[in-house]
Amino acid sequence: MVHATLAYLAEHEAIWESNPAFVKAVSDLKKAVAAIDAANDNSSRSGSSRPSRVHTREMLEDLTSAIADQLFALSEETGDLGLAAASDFSRASLYRLTDEELEHTAKHVCELASAHLDALANYLVVAADVAQLATLTSNFSMTKVRTPLPAFRRTLTASTAEERLRAANRILRARLDKLVSRYKPQHPDFVSNYIHARIVDFSPDTPAAPRTKRRIAVRRFSAVKSAKGPRRVRR
């Protein structure tokens, strides 16, 4: 969880060490990751498995937003107002959706992409990307419907671990991703490599970042684009 990003920032500390807000954000992220690592160590010793729903949700949010961005760009080119309304939302707005709303939105984006697949080829979105989104949506749906009744302590631990993961991701997305964008004029390579570290930095139980996600996300990484306020998801 975010170890590659922290390692990259540590290697280039000279660039941001004079920025108090940046220093504080990195410090808070280190504490959050240390808490997650400690909880994971305890979990592995007790034999309980690490929750995967949060990781699946993160990947689903990223890919849904990435493909929706290309759909919106297509709508601007073609003047398709209906497509524009259906795909005009920010990455941050997905974070605030409930699980059910996110699943519904991902399915809708998948349907829109399938319907415009030929035109999306010019935007580097292919059938494999849409299939991956459908698979992620299905996996997310399965992880959130679990048979309840593990012991109370284990349920509480899983819930706490998920909250810690989301807290760490919030530090990255709502603070560090925004702070990094200020360095683009003077240190473009630093920003570019930070983006790469963020995209490929999955948790240890996710073997590798999907090639599709890297290709699309590098082009549209919303956290370092010119800031645009959160917009409400339209479905």
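All of (1) open to solvent by less than 50 Å² (accessible area, probe 1.4 Å); (2) of a type in the set (F, W, Y); (3) modelled with pLDDT under 65 hold for Y183 with one exception: (3). So for segment 4-16 (the condition being under 25 Å from A197 (Cβ atoms), at pLDDT below 90 and of a type in the set (D, E, K, R)), does at least one residue qualify? The answer is no; no qualifying residue exists. Of the helices (runs of 4 or more DSSP H) lying entirely inside segment 42-159, those carrying at least 1 residues that are open to solvent by 50 Å² or more (accessible area, probe 1.4 Å), under 20 Å from R170 (Cα atoms) and modelled with pLDDT of 90 or more are 99-115.
The values are calculated or read from the model by the stated rules, or taken from the named source; none is laboratory data. These numbers were taken from a predicted model, which means no experiment stands behind them. Every residue, glycine as well, gets a Cβ built from its backbone with ideal geometry; the counts of neighbours run over all protein chains shown. When the accessible area is computed, the model is the full protein with side chains, heavy atoms only, and any ligands, DNA or RNA have been set aside. Shrake-Rupley method; radii C 1.70, N 1.55, O 1.52, S 1.80 Å.
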